[in-house]
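These notes are about the structure you will find just below.
Bear in mind that the values in this text are calculations on the coordinates, not laboratory data. Being a predicted model, the structure only gives us computed values, none of them experimental. In this analysis, Cβ positions are derived from the backbone assuming ideal geometry, glycine residues included, and neighbour counts consider all displayed protein chains.
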Amino acid sequence: MSQRLVTDVTTLALERALDGAALQQRLIASNLANLETPGFIGRHARFQDSLRAALVAERSAFAKRTTHKRSRRTLANAAPRLPALRPSPGLPPSPRLRGTSRATSRRTGQSPLEAVRPSVAASPAPPTQPNGNNVNIEAEMTALSESVLQYEVLTRLLNKKLRMVGVAIGDGK
């Protein structure tokens, strides 16, 4: 296990989202490479729902630690309004944080975000080709474009966050 230099919730959430987007891109590349493979079933990454649940859990934990009533009420109301992370089309929602609960988090000292890991799911789409393959090139190219854009945005956000940390420690830029 590597030590992190920056361990705040924002950086950890961005790291987990980048992991999921990178896995999604690898799986789409595999799907496209197997476009003509008879019987191949496409796969996609699932992480958005568990990431959203972990962020809500983090906000709830922060709200409970906050002693000021007004702050607690404001943060509790803000948690349901997290930005929408769209799941991959045609896939069932990813499972909630597997193996983690508030008790587990308290017992291990692990943040709910640290437990988020992207998972791989087979595409539920029926075979679209005569050879039994269910990979649709148009859908895969669209998903790849979305994933690339998502990764780019997440990278820019992480760069901004790290620049802010640099300024805070006296980098001066």
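Given a Förster distance of 45 angstrom, what is the FRET efficiency for Ile41 paired with Leu162, based on the Cβ-Cβ distance and rounded to 0.05? Each step should come with its number before you reach the end.
Values: r = 39 Å, r/R0 = 0.86.
Working from the Cβ atoms, E equals 0.70.
The residues packed around Leu35, meaning those with a beta-carbon under 14 Å from its beta-carbon, carry a net charge of -2 if Lys and Arg are +1 and Asp and Glu are -1.
Stretching Val148 away from Leu18 to a fully extended chain increases their span by 45.8 nm, per 0.36 nm per residue minus the current alpha-carbon distance. Packing-based ranking of 25-31, 127-133 yields 25-31, 127-133, ordered from highest to lowest mean Cβ neighbour count within 10 Å.
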